[in-house]
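See below for the structure under consideration.
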Ligand code: SF4
């Protein structure tokens, strides 16, 4: 299964991912973007966000 992973060191906190896909991304209590644990992710939608993330910091990880 593939999950989206965020490299917080590169994240510019633009919140585009939150706006485009709030069912996958959220801001945690510490103020950092994180991917919500889901059984399955909308792959096409995420691919679009990955392409447009200004920090280029969202990638897929095989688990
Ligand atoms: S779109 Fe990318 S840079 Fe912007 S908040 Fe999300 S992970 Fe960070």
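What follows draws every value from the coordinates through simple rules; no lab data is involved. Computed from a predicted structure; not experimentally measured. Please note: Cβ atoms are built from the backbone with ideal geometry, for glycine as well, and neighbour counts cover all protein chains shown.
Assuming 0.36 nm per residue, please report the length gained on full extension of the stretch residue 28 to residue 2 beyond their Cα-Cα distance. Spell out each step's value before the answer.
On the way: separation 26, 0.36 × 26 = 9.36 nm, distance 2.13 nm.
Once the chain is fully extended between residue 28 and residue 2, it gains 7.2 nm.
The calculated P(r) of the chain, using every Cα pair and 10 Å bins from 0, goes 23, 62, 15 in percent. You can think of it this way: the chain between residue 10 and residue 48 has 11.9 nm of extra reach, that is 0.36 nm per residue less the Cα-Cα gap. Computed per residue of the chain from DSSP H runs no shorter than four, each worth -39500 (n - 2.57), the mean residue ellipticity at 222 nm is -6000 deg cm²/dmol.
Each label was represented as a point 7 Å from its Cα along the Cα-to-Cβ direction; for residue 36 and residue 20 these points are 1.8 nm apart.
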